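Here's the structure we're looking at; comments come further down.
FYI, it's all coordinate maths here, none of it is from the lab. Small disclaimer: the values here were computed from a predicted structure and weren't measured. FYI the Cβ positions are ideal-geometry reconstructions off the backbone, even for glycines, and counts take in every protein chain you see.
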Amino acid sequence: MRIATWNVNSIRARSESVVAWMTEQDIDVVALQEIKCHNDAFPLMSFLASGYDVAHVGQGAYNGVAIASRVGLEDVEIGFEGMPTFPVDGQEVAEARAISARCAGIRLWSLYVPNGRALDDPHYAYKLRWLDALRDITALGLAHDPAAQLMLAGDWNVAQRDEDVWDLSFFENRPHVSEPERSAIRRFLRTDGAGPGLTDSALPYAPGYTYWDYTQLRFPRDEGMRIDYALCSPALDTRVTGAFVDRDARKAKGASDHAPVVFEIAD
DNA sequence: ATGGTCGACGCTCGA
């Protein structure tokens, strides 16, 4: 079985190419981020016509996440317990950054972690709060069910290692590489005894970049970042037999600025 | 040639 994660940067602008890619690449389930459309504007027909069921939550021009599956889509959850909100015009908003479903026995999350914007921006503190809350609820769930088949997939907006960005000095005093963000991700991982004990399952197979800015000729110069990945529970990680970043999908005319990451899962 | 991007609720913002 193949599960993918892809920040598509608008689903309405490229629903046909996303569905065509899924069919060509034999993708069974995809976690989509930044769909950037209202719930009633989701291009559902493109997916249904190719045999994919879809769960989605939108927020107009920004954010929005979805899961498309041809192997079942059950027990959909929007957001997670304790998910932090962000104040917009004095109102606390639960942004459309997390959706989950059980597909072929796997509890898959599609996550769009807040960008952070700048180290002194309120969105940066929000990002750290958001990651901490997600880690807490994940650790609780896995403590209750250590054999859970769990995949947290998405755009994490954190480059964990120095080699996950093309030029570390470019990111000095900017989000994505700061120690608090990296520490927040490490606390999800098996290597941190206190956390839920997940594994960055693509890393052994696909350690390359997943995102290249549209500007500054970043893609032709291969000046990218590895910020899209999936953290898997121990029981699921043992089933991951391979992964790849499809750079060809980033090359295409009208492509998203992120490439999809594909996981091969043994039965 | 010292620039060079997109998508959306587009005369501006977020990535």
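Annotations
- Considering the range A:2-265 at the alpha-carbon level, its Rg and Dmax are found to be 17.1, 47 Å.
- Over the range A:2-265, relative contact order from alpha-carbon pairs under 8 Å, at least 6 apart, %: 18 percent
- Extreme residue, positive dipole direction of chain A, given options A:209, A:198, A:76 (C-beta unit charges): A:209
- Ranked by the mean number of other Cβ atoms within 10 Å of their residues, highest first, the peptides A:107-113, A:8-14, A:223-229, A:198-204 fall in the order A:107-113, A:223-229, A:198-204, A:8-14.
- Within chain A, helix-based [θ] at 222 nm, where runs of 4 or more DSSP H residues each add -39,500 (n - 2.57), nearest 500: -6000 deg cm²/dmol
- Dipole magnitude (debye, nearest 20) for chain A, charges at Cβ of Lys, Arg, Asp, Glu: 260 debye
- Taking Cβ atoms as reference points and 14 Å as the exclusive limit, the residues near residue A:80 contribute a net charge of -2, counting Lys and Arg as +1 and Asp and Glu as -1.
- Inter-centroid distance (Cα atoms) of the range A:92-123 relative to the range A:195-240, Å: 16 Å
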